[in-house]
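See below for the structure under consideration.
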Amino acid sequence: MISADTIAQNNATEQEKLRADYDALGEHLSRRGIDIEGIKARVARYGIAVPSWGVGTGGTRFARFPGIGEPRHIFDKMDDCGVIQALTRATPSVSLHIPWDKQSPEDLNAKAQEVGLTFDAMNSNTFQDQEDQTHSYKYGSLSHVDAATRTQAIEHNLECIELGQKIGSKALTIWVGDGSNFPGQSNFAKQFDRYLDSARTIYSKIPGDWKLLTEHKIFEPAFYSTVVQDWGTNYMIAKELGDKAQCLVDLGHHAPNVNIEMIVSRLIQFGKLGGFHFNDSKYGDDDLDTASIDPYRLFLVFNELVEAEGVEGFDPMHMLDQSHNVTDPIESLMQSAMEVQRAYAQALIVDRDALAGYQDTNDALMASNTLKAGFRTDVEPILAMARLENGGAIDPIATYRASGYRAKVGEERPKVSGLGGGIV
């Protein structure tokens, strides 16, 4: 971990400049009728989960290039996630992926307490074959034509629920790679019926205070057809299963130029927006760092989320989901967590009364400009002050680099082989 003394030492050189920037921004916002302290308080309360798998180096179908000091197991991963939270104060929970992260609940809870984290949604994995499993998922899992394979996939999800209950999780996220790669390979209707039957069995075991989050994805690894291919199918699943079932929106799981913010609005409107996987993309499911390509789209998504704040029962889960191939994963996750906070702060300062007025009078230009006024405001002093007052770093990446954490774990953790391909 990175010590509080290291954080305080790095903060000491930046505090005077931050205070000046914060006061100047506060004066500017005050002229617009915005209380900077109120915005800061809401930003300080905001948290996004980090994925356990995100702190490792990702890869492509062609190759993987390991980094220095990669985590060997879930406890190393939680150490890295604890560093992210210590510096940003924006990532209070970690989302586990089973079976990769399977350990005794006692050991997981003890480690979480040690590094100052809680557990977010559980994630099942029926898109890969494991060494000890009896039936292959090559041709599907929850929708497989073979009943025994479907049962195996169902039991794995129930195992995730059982572990999650013991560590304080409150949700199960299901994503399947089921689909087909050739026309005629699968009967679309029968395949979807099998998925729904399997999902109903899992849903019947969801605890009363949990959510079941189903995730859609337009393609990959099934390139001709995908069982849960878009938000409409996902919405049908959630409606079919019941009140505890909701839709999870991954920003990368849509065709290029799809209006994701409108999808968010629709799911909010009908009570089925359960959560997010934040990332960014240029071509498809690129899993790039959040806001690295289209920060305005991220802002527009948060504009819809802020619009819905206060609606009864509205409490979507937020998590990062990225693949880091050429950067230090800890740095990328910190950067992304701060970008999500930035989009939230920018959405909070939108003049909603003015926006509603322009919408009601069909003033398209001024409605757009009202959104841009929020997006163009430099809210960095708010984010930095929230981190400082929460015990984090004014500049998390600079503090992380100054700490030497990556070199230190590089000495403790053995190098990982880079041989072999495959998505990880």
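The values are calculated or read from the model by the stated rules, or taken from the named source; none is laboratory data. Since the structure is predicted, the reported quantities are computational estimates derived from the model, not experimental observations. Using ideal geometry, Cβ is built from the backbone for each residue, glycine included, and neighbour counts are taken over all protein chains shown. With ligands, DNA and RNA removed, areas are computed over all heavy atoms of the protein, side chains included. Shrake-Rupley method; radii C 1.70, N 1.55, O 1.52, S 1.80 Å.
Any idea which of (1) open to solvent by 50 Å² or more (accessible area, probe 1.4 Å); (2) more than 23 Å from Thr173 (Cα to Cα) is the one Phe299 doesn't satisfy?
Condition not satisfied by Phe299: (1).
Give the residues of segment 81-103 that are closer than 21 Å to Gly164 by Cα and open to solvent by less than 10 Å² (accessible area, probe 1.4 Å), sorted by residue number.
Cys81, Gly82, Thr91, Val94, Ser95, Leu96, Ile98, Asp101, listed by residue number.
Of the residues in segment 30-72, how many are assigned to a helix (DSSP H, G or I) and in contact with a Pro (Cβ under 7 Å, 6 or more places away or on another chain)?
Within segment 30-72, residues that are assigned to a helix (DSSP H, G or I) and in contact with a Pro (Cβ under 7 Å, 6 or more places away or on another chain) number 2.
If a residue has to be part of a helix (DSSP H, G or I) and aromatic (Phe, Trp, Tyr) to count, how many in segment 156-186 make the cut?
Number of matching residues: 0.
Across segment 144-162, what is the total count of residues that are within 12 Å of Ile98 (Cβ to Cβ) and open to solvent by less than 20 Å² (accessible area, probe 1.4 Å)?
Residues that pass the stated criteria total 3.
Give all pairs with beta carbons closer than 9 Å in which a residue from segment 154-178 that is on the phi > 0 side of the Ramachandran plot meets a residue that is open to solvent by less than 20 Å² (accessible area, probe 1.4 Å) and not in a helix (DSSP H, G or I); count only pairs at least 6 apart in sequence or on separate chains.
Short answer, once both residue conditions are applied: Gly168/Phe119.
Does segment 54-72 contain any residue that is under 12 Å from Ala337 (Cβ atoms), open to solvent by less than 30 Å² (accessible area, probe 1.4 Å) and within 18 Å of the chain's Cα centre (by Cα)?
yes
Kindly indicate whether any position in segment 238-261 is within 16 Å of Ala308 (Cα to Cα), out of contact with any strand residue (DSSP E or B) (no Cβ under 9 Å at 6 or more places or on another chain) and in contact (Cβ under 8 Å) with a residue 40 or more places away in the chain.
Within segment 238-261, one or more residues are within 16 Å of Ala308 (Cα to Cα), out of contact with any strand residue (DSSP E or B) (no Cβ under 9 Å at 6 or more places or on another chain) and in contact (Cβ under 8 Å) with a residue 40 or more places away in the chain.
Report, by residue number, each residue of segment 55-89 that is of a type in the set (A, V, I, L, M), out of contact with any Phe, Trp or Tyr (no Cβ under 7 Å at 6 or more places or on another chain) and at pLDDT 90 or above.
Val55, Ile68, Ile74, Met78, Ile84, Ala86
So, of the residues in segment 330-340 that are open to solvent by 10 Å² or more (accessible area, probe 1.4 Å) and in contact (Cβ under 8 Å) with a residue 60 or more places away in the chain, which turns out to be nearest to Leu273 (Cα to Cα)?
Among them, the one singled out is Met338.
Specify the residue that is surrounded by the most Cβ atoms within 10 Å (Cβ to Cβ); the eligible residues are those in segment 17-28 that are farther than 20 Å from Ile397 by Cβ and over 30 Å from the mean Cα position of the chain (by Cα).
So, considering only residues that are farther than 20 Å from Ile397 by Cβ and over 30 Å from the mean Cα position of the chain (by Cα), the one surrounded by the most Cβ atoms within 10 Å (Cβ to Cβ) is Gly26.
Restricting to segment 358-405, count the residues that are in a helix (DSSP H, G or I), open to solvent by 40 Å² or more (accessible area, probe 1.4 Å) and of a type in the set (D, E, K, R).
5
Take Ala12 and decide whether it is open to solvent by 20 Å² or more (accessible area, probe 1.4 Å), out of contact with any helix residue (DSSP H, G or I) (no Cβ under 6 Å at 6 or more places or on another chain) and closer than 18 Å to Ser403 by Cα.
Spelling it out, Ala12 is indeed open to solvent by 20 Å² or more (accessible area, probe 1.4 Å), out of contact with any helix residue (DSSP H, G or I) (no Cβ under 6 Å at 6 or more places or on another chain) and closer than 18 Å to Ser403 by Cα.
Out of (1) assigned to a loop (DSSP other than H, G, I, E, B); (2) modelled with pLDDT of 95 or more; (3) hydrophobic (A, V, I, L, M, F, W, C), what's the single condition that is false for Val311?
Of (1) assigned to a loop (DSSP other than H, G, I, E, B); (2) modelled with pLDDT of 95 or more; (3) hydrophobic (A, V, I, L, M, F, W, C), only one is false for Val311: (2).
Do any residues in segment 70-91 that are more than 20 Å from Arg387 (Cβ to Cβ) and touching a residue at least 60 places away in the same chain (Cβ under 8 Å) have Cβ atoms under 6 Å from those of residues that are open to solvent by 20 Å² or more (accessible area, probe 1.4 Å) and of a type outside the set (A, V, I, L, M, F, W, C), where the two are at least six apart or on different chains, and which pairs are they?
Pro71/Lys77
Given the criterion closer than 27 Å to Gly177 by Cβ, crowded, with 20+ Cβ neighbours inside 10 Å and not basic (Lys, Arg), identify the matching residue among Asp280, Asp294.
Asp280
Restricting segment 109-134 to residues that are surrounded by 15 or more Cβ atoms within 10 Å (Cβ to Cβ) and β-branched (Val, Ile, Thr), which is nearest to Gln152 (Cα to Cα)?
Here the residue is Thr126.
Could we say that Pro71 is under 26 Å from Lys415 (Cβ atoms) and not polar (S, T, N, Q) here?
Yes; evaluated as a whole, the condition is true for this residue.
Does segment 139-153 include one or more residues that are modelled with pLDDT of 95 or more, within 22 Å of the chain's Cα centre (by Cα) and outside any helix (DSSP H, G or I)?
Among the residues of segment 139-153, not one is modelled with pLDDT of 95 or more, within 22 Å of the chain's Cα centre (by Cα) and outside any helix (DSSP H, G or I), which makes the answer no.
Testing Val43 on (1) under 21 Å from the mean Cα position of the chain (by Cα); (2) open to solvent by 40 Å² or more (accessible area, probe 1.4 Å), one condition comes back false. Which one is that?
(2) is the only condition that Val43 fails.
Could you run through segment 174-186 and say how many residues are of a type in the set (S, T, N, Q) and touching a helix residue (DSSP H, G or I) at 6+ places or on another chain (Cβ under 9 Å)?
Residues that pass the stated criteria total 1.
Which of the residues belonging to segment 211-236 are open to solvent by less than 10 Å² (accessible area, probe 1.4 Å) and over 21 Å from Tyr139 (Cα atoms)?
Of everything in segment 211-236, those that are open to solvent by less than 10 Å² (accessible area, probe 1.4 Å) and over 21 Å from Tyr139 (Cα atoms) turn out to be Leu212, Leu213.
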